[in-house]
Amino acid sequence: QVQLVESGGGLVQPGGSLRLSCAASGSIFSTRAMGWYRQAPGKQRELVGTITNTGIAILVDSVKGRFTISRNNAKNAVYLEMNSLKPEDTGVYYCKLLGSASWGQGIQVTVSS
């Protein structure tokens, strides 16, 4: 089973930026699509975006133009670059190996002044 570990979260002011990383174990990482999800307090977990194994990324409308997903298969890592952050981006962010039950433990992102 693939292990996923997120890092890079924290507290940032509105308009600021953060870069989340997700490190994966296992050799299948480079052959699989990955997803980033988030869960705001009191709300259901929602999709932020996905990236294919070849690097084609799709983001949901609410973050399009502000967030970027990328990956480095040589490092078994996927990234979520978040710019122009808004308070409504606050939540726990998770990475996921799509098509599997493998989730990261989640990392807190708080956007507040």
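Checked against (1) β-branched (Val, Ile, Thr); (2) over 19 Å from Gly16 (Cβ atoms); (3) not in a loop (DSSP other than H, G, I, E, B), Thr54 passes all but condition (3).
In region 58-69, is there at least one residue being part of a strand (DSSP E or B), within 21 Å of Ser25 (Cβ to Cβ) and either in contact (Cβ under 8 Å) with a residue 12 or more places away in the chain or open to solvent by less than 50 Å² (accessible area, probe 1.4 Å) (or both)?
Yes, that holds for at least one residue.
Scanning region 73-90 for residues that are surrounded by fewer than 13 Cβ atoms within 10 Å (Cβ to Cβ) and farther than 16 Å from Gly10 by Cα turns up Ala74, Lys75. Of Ser17, Ser30, Ser21, all but one fail to be in contact with a helix residue (DSSP H, G or I) (Cβ under 8 Å, 6 or more places away or on another chain) and touching a residue at least 12 places away in the same chain (Cβ under 8 Å); the exception is Ser30. Residues that are within 18 Å of Gln105 (Cβ to Cβ) and charged (D, E, K, R): does region 49-67 have at least one? The answer is no, given that none of the residues of region 49-67 is within 18 Å of Gln105 (Cβ to Cβ) and charged (D, E, K, R).
Does any residue of region 33-48 turn out to be under 14 Å from Phe67 (Cβ atoms), touching a strand residue (DSSP E or B) at 6+ places or on another chain (Cβ under 8 Å), of a type in the set (A, V, I, L, M) and open to solvent by 50 Å² or more (accessible area, probe 1.4 Å)? Looking for residues that are under 14 Å from Phe67 (Cβ atoms), touching a strand residue (DSSP E or B) at 6+ places or on another chain (Cβ under 8 Å), of a type in the set (A, V, I, L, M) and open to solvent by 50 Å² or more (accessible area, probe 1.4 Å), one finds at least one in region 33-48, hence yes. Across region 1-32, which residue is farthest from Lys75 (Cα to Cα) among those that are loosely packed, with under 13 Cβ neighbours inside 10 Å and in contact with a Gly (Cβ under 9 Å, 6 or more places away or on another chain)? The qualifying residue farthest from Lys75 (Cα to Cα) is Gln1. Pairs meeting the criteria (first residue in region 77-105 and within 14 Å of Gly26 (Cα to Cα) and among the basic types (Lys, Arg), second residue in a strand (DSSP E or B) and open to solvent by 40 Å² or more (accessible area, probe 1.4 Å), beta carbons under 9 Å, at least 6 apart or on different chains) are Lys96/Tyr37; Lys96/Trp103.
The values are calculated or read from the model by the stated rules, or taken from the named source; none is laboratory data. Since the model is a prediction, treat every value here as computed from it, not as a measurement. With ideal geometry, Cβ positions are generated from the backbone for all residues, glycine too; neighbour counts draw on all protein chains shown. Note: areas computed on protein heavy atoms with side chains; ligands, DNA, RNA excluded. Shrake-Rupley method; radii C 1.70, N 1.55, O 1.52, S 1.80 Å.
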